[in-house]
Amino acid sequence: MRLTKEQLEQFDREGYLFFPGLFKPEETKTLTAAVPELYARREAYNVREKGSDAVRTNFAAHMVSEPFARLARHPRMVRPVMDLFDEQVYMHQFKINGKMAFEGDVWQWHQDYGTWLNDDMMPTERAMNVAIFLDDVNEYNGPLMFIPGSHKKGVVEARHDLTTTSYPLWTVSNDLIAQLVERAGGKDGGIVSPKGPAGSMILFHSCLVHASTSNLSPWNRVSVYLSLCAVSNHIRRFKRPEYIAHRDFTPIECLPDDCLRMPYPVDVPWKNGMPASALVTSSEPIDQIKKAA
Ligand code: SIN
Ligand code: MN
């Protein structure tokens, strides 16, 4: 899938692109079917909501589950990002966010690149998210919200929030959000929330400010996020465990377009558990680690 000139211009202006219904139900069904077994695992890579057993985020399913390993190599998800960066990309992060019915908690306003810079020492913004909905997303089940054009501000001031939800995040203050929303059109388009059927895809810039509210509806809102980083822009610090911020900078090789319908062989090295090394962290930049070794 190649992005058109209009799509490239829209991405530059607004910081995201939405592709409603890009994947068909026969493609998403193998993914959806694999989620309950992944979420049931008692592993560090399942982060549960505060005070609840509902999974908020499952990390690194592409290392554990064949359907997700194929999605991680899907040309419809990976190629547009390679085109935008004009470079090969590697998987920086892979997550399946639950946002489960009644229990899915908020994601505060943030930029992903803020976390990737502050925690992982990723040198520049040359990384972005591509998300696919595994459930229909409507106005009731906590859709993602974007502030269009906010990516043009670069990295904005953020504070490390360790308490609001079960997952630490560099979040943006209410005052700055109010300013950014006003600048983007206020009540007239200052916040947008792409909604659509399961199989829809969203691609968004790593500096685009986004959030989502809690899910008080009876409908799950499971979505998968691939965070793809240009290979030359790989992280320089392993402060977070490997299942959250990956350390294998090998370029992704795409599978054929029908890879969610055909059982192409894929490697799933963490199928029977993560290696102990995936939990090891260091606050030193990686050139220091190499020197000390
Ligand atoms: C995220 O920003 O990483 C997740 C937001 C969401 O799933 O609503
Ligand atoms: Mn995010």
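When shorter helices are ignored and each DSSP H run of at least 4 residues is given -39500 (n - 2.57), the per-residue value for the chain at 222 nm works out to -6500 deg cm²/dmol.
Let a ≥ b ≥ c be the square roots of the eigenvalues of the Cα gyration tensor of the stretch 198-293; is it rounded (a/c under 1.5), or, if not, prolate (a/b larger than b/c) or oblate? Because a/c hits 1.5 or more and a/b exceeds b/c, the stretch 198-293 counts as prolate. With a cut-off of 14 Å on the backbone N, the residues of the stretch 79-112 near the modelled label site 7 Å out from residue 214 along Cα-Cβ are 99-108.
Tell me the net charge near residue 85. Cut-off is 12 Å between Cβ atoms, residue 85 excluded, with +1 for each Lys or Arg and -1 for each Asp or Glu.
Every neighbour counted, the sum reads -2.
The length gained on full extension between residue 231 and residue 166, counted as 0.36 nm times the residue separation minus their Cα-Cα distance, comes to 20.4 nm. The residue list 217, 34, 197 was ranked by how far each Cα lies along the charge dipole of the chain toward its positive end, using unit charges on Cβ atoms, and 34 comes out on top. Rounded to the nearest 20 debye, the dipole magnitude of the stretch 5-292 is 420 debye, with +1 charges on Lys and Arg beta carbons, -1 on Asp and Glu beta carbons, and the Cα centre as origin. Note on residue 5 and residue 86: with the Förster distance fixed at 25 Å, the Cβ-Cβ geometry gives a FRET efficiency of about 0.95. Given +1 at the Cβ of Lys and Arg, -1 at the Cβ of Asp and Glu and no other charges, the dipole of the stretch 229-293 around its Cα centre is 400 debye to the nearest 20. Rolling a 1.4 Å probe over the protein heavy atoms gives the stretch 51-147 an accessible area of 28 Å² per residue. When you filter the trypsin sites (Lys or Arg not before Pro) in the stretch 1-70 for DSSP loop state and at most 10 other Cβ atoms inside 10 Å of their Cβ, you are left with 2, 42.
Just check the stretch 16-125 against the gyration tensor rule for me: Cα atoms, a ≥ b ≥ c as the square roots of the eigenvalues, rounded for a/c under 1.5, and otherwise prolate or oblate depending on whether a/b exceeds b/c.
Working: a/c = 1.67, a/b = 1.17, b/c = 1.42.
Taking the square roots of the gyration eigenvalues as a ≥ b ≥ c, the stretch 16-125 is oblate.
Here's the list of lysines a cross-link from residue 50 could span, going by alpha-carbon distance under 17 Å and ignoring same-chain residues fewer than 8 apart: 99. Modelled spin-label separation between residue 282 and residue 118, with each label point placed 7 Å from Cα along the Cα-to-Cβ direction: 2.4 nm.
How about the stretch 68-142: which GluC sites (Glu not before Pro) there lie in a loop by DSSP and see at most 12 other Cβ atoms within 10 Å?
Values: sites: 87, 103, 125, 139; in loops: 87, 103, 125, 139.
Here the sparse-neighbourhood loop sites are 139.
Regarding the chain, what whole-number volume in Å³ per residue does the convex hull of its Cα atoms give?
Taking only Cα atoms, the chain has a hull volume of 130 Å³ per residue.
Taking the Cβ-Cβ separation of residue 152 and residue 254 as r and a Förster radius of 35 Å, what is the calculated FRET efficiency to the nearest 0.05?
Values: r = 30 Å, r/R0 = 0.85.
The computed FRET efficiency comes out at 0.70.
Within the chain, what whole-number % of the accessible surface is contributed by carbon and sulfur, with the 1.4 Å probe and all protein chains included in the calculation? The nonpolar share, carbon plus sulfur, comes to 54 percent. Using a cut-off of 11 Å between beta-carbons, work out the net charge of the residues near residue 238 (Lys and Arg +1, Asp and Glu -1, residue 238 not included). After counting each charged neighbour, the total is +1.
Placing a pseudo-label 7 Å from each Cα along the Cα-to-Cβ vector at residue 272 and residue 175 gives an inter-label distance of 5.6 nm. Each Lys or Arg adds one and each Asp or Glu takes one away; over the other residues whose Cβ falls under 11 Å from the Cβ of residue 150, this sums to +2.
Measuring against 30 Å, Cα to Cα, the residue pairs 152/271; 153/187; 29/187 contain 152/271; 29/187 as the ones spanning a longer distance. Each residue, residue 29 and residue 52, gets one label point 7 Å from its Cα in the Cβ direction; the gap between the two is 2.9 nm.
The values are calculated or read from the model by the stated rules, or taken from the named source; none is laboratory data. Source: prediction; values computed, not measured. Virtual Cβ from ideal backbone geometry, glycine too; neighbours counted across all protein chains shown. Accessible surface is based on the protein model in full, side chains and every heavy atom, while ligands, DNA and RNA are left aside. Shrake-Rupley method; radii C 1.70, N 1.55, O 1.52, S 1.80 Å.
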